[in-house]
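S.K.: Here's a structure for you.
The values are calculated or read from the model by the stated rules, or taken from the named source; none is laboratory data. These numbers come from a predicted model, not from an experiment. Positions of Cβ are generated from backbone atoms using ideal geometry, with glycine treated the same way; all protein chains shown enter the neighbour counts.
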Amino acid sequence: MAIIQAKGLDLTFQTNDGPVHALKGVDLDIKKGEFVSFIGPSGCGKTTFLRCIAALETPTGGSLTVRGISPEEARKARSYGYVFQQAGLYPWRTIAGNIKLPLEIMGMPKDEQDKRVARVLELVELSGFAKKFPWQLSGGMQQRASIARALSFDAEILLMDEPFGALDEIVRDHLNEELLRLWAATNKTIGFVTHSIPEAVYLSTKIVVMSPRPGRITDVIESTLPRERPLDIRETPEFLAIAHRVREGLRAGHAYDE
């Protein structure tokens with residue numbers, strides 16, 4: 001059974017300049033434990049779809065369920081953690097303090113908060129940085145802290161909106177490796193927005209290719225790569241063949257739009 005299911009999903013924003021059709025007729029099933037990347041040109045609705053899953057936007061047509069219930073009910077049930085493009089850490093709180101924030105809001109006992117913070121810091125390899133402040137960490141480390149915060153309340157789904165887009169290639173490669181390790185360790189269902197074809201192919205079990213606005217799905221590619229993926233897998237014929245199909249899907253979306 002799909003943990004996230006969209007059927008005929010539409011979203012139209014009403015603006016002073018007239019309606020903006022962000023999503024049109026989106027059909028997609030995401031199964032438990034899948035790593036699904038969304039890729040497409042800027043403004044194609046990738047982030048909008050992620051925000052619909054998180055109940056941060058409300059569709060204007062079709063249906064969307066998360067764990068069999070509405071996105072709003074799933075949000076109240078704390079079914080997902082969300083990692084934004086920027087780390088969004090409070091500068092006056094330590095790294096541990098930032099990670100504790102959702103646990104404090106949930107009213108979790110302090111002892112349990114401390115245990116969870118220690119566990120997720122170890123998962124993202126930041127165990128020695130609990131008492132540091134965000135400004136004392138690099139951009140990549142801040143994003144790892146942001147991921148730790150999203151993992152702290154052990155939600156089943158992790159939604160990630162281009163979390164590594166602002167980082168340099170070397171750091172990005174390292175965090176891609178770390179994210180795959182984290183996914184293997186936690187078995188979360190991950191929805192991941194990216195503009196990078198290599199990143200989408202390297203990380204995903206399923207790649208969703210989207211067209212220019214109004215956002216439609218032009219292709220859904222099931223990866224044939226093994227779950228164990230060293231970085232040099234990106235030089236293999238199998239990897240390059242999947243990347244080629246993604247590229248062709250992006251081109252087909254543009255052609256359809258014309």
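Residue-wise test of (1) in the same structural domain as P214 (by TED's automatic domain parsing); (2) loosely packed, with under 15 Cβ neighbours inside 10 Å; (3) touching a residue at least 12 places away in the same chain (Cβ under 8 Å); (4) touching a Cys at 6+ places or on another chain (Cβ under 6 Å).
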residue: G8; (1), (2), (3), (4): yes, yes, yes, no
residue: F13; (1), (2), (3), (4): yes, yes, no, no
residue: L23; (1), (2), (3), (4): yes, no, yes, no
residue: L28; (1), (2), (3), (4): yes, no, yes, no
residue: G33; (1), (2), (3), (4): yes, yes, yes, no
residue: G40; (1), (2), (3), (4): yes, no, yes, no
residue: T48; (1), (2), (3), (4): yes, no, yes, no
residue: I53; (1), (2), (3), (4): yes, no, yes, no
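S.K.: Among the numbered criteria (1) over 14 Å from the mean Cα position of the chain (by Cα); (2) farther than 15 Å from V36 by Cβ; (3) of a type outside the set (K, R), which single criterion is violated by A155?
M.R.: The failed condition is (1).
S.K.: Moving on to the next point. R51 fails exactly one of the following numbered conditions: (1) basic (K, R); (2) part of a strand (DSSP E or B); (3) under 16 Å from F192 (Cα atoms). What is the number of that condition?
M.R.: Only one criterion in (1) basic (K, R); (2) part of a strand (DSSP E or B); (3) under 16 Å from F192 (Cα atoms) is unmet by R51, namely (2).
S.K.: Whether any residue in region 127-147 is buried (at least 17 other Cβ atoms within 10 Å of the Cβ) and in contact with a His (Cβ under 8 Å, 6 or more places away or on another chain) is what I want to check.
M.R.: Yes - at least one qualifying residue is present in region 127-147.
S.K.: Could you please let me know if G249 is among the small types (G, A, S) and closer than 18 Å to T47 by Cβ?
M.R.: no
S.K.: Does at least one position in region 92-113 carry a residue that is hydroxyl-bearing (S, T, Y), at pLDDT 95 or above and within 22 Å of L137 (Cα to Cα)?
M.R.: The answer is yes, given that some residue of region 92-113 is hydroxyl-bearing (S, T, Y), at pLDDT 95 or above and within 22 Å of L137 (Cα to Cα).
S.K.: Please list, ordered by residue number, the strands (runs of 3 or more DSSP E) wholly in region 152-258 having 1 or more residues that are over 24 Å from P71 (Cβ atoms) and either in contact (Cβ under 8 Å) with a residue 40 or more places away in the chain or touching a Ser or Thr at 6+ places or on another chain (Cβ under 9 Å) (or both).
M.R.: Result: 217-222.
S.K.: Name, by its number, the condition in (1) under 19 Å from the mean Cα position of the chain (by Cα); (2) part of a strand (DSSP E or B) that does not hold for G62.
M.R.: All conditions pass for G62, except number (1).
S.K.: Let me ask something else. Just to be sure before I move on: is Q85 modelled with pLDDT under 95 and in contact with a strand residue (DSSP E or B) (Cβ under 7 Å, 6 or more places away or on another chain) in the structure I sent?
M.R.: yes
S.K.: Would you tally the residues in region 88-143 being part of a loop (DSSP other than H, G, I, E, B) and either more than 17 Å from L182 (Cα to Cα) or assigned by TED's automatic domain parsing to the domain that holds E178 (or both)?
M.R.: 17
S.K.: In addition: Restricted to region 68-126, and to residues that are of a type in the set (V, I, T) and in contact with a helix residue (DSSP H, G or I) (Cβ under 8 Å, 6 or more places away or on another chain), which residue is nearest to G165 (Cα to Cα)?
M.R.: That would be V83.
S.K.: Determine whether A155 is among the small types (G, A, S), under 29 Å from A74 (Cα atoms) and modelled with pLDDT under 95.
M.R.: Here the answer is yes, as A155 does meet what is asked.
S.K.: State which residue is nearest to the chain's Cα centre (by Cα) when the search covers only region 30-43 and only residues that are under 9 Å from I3 (Cβ atoms) and in a strand (DSSP E or B).
M.R.: That would be I30.
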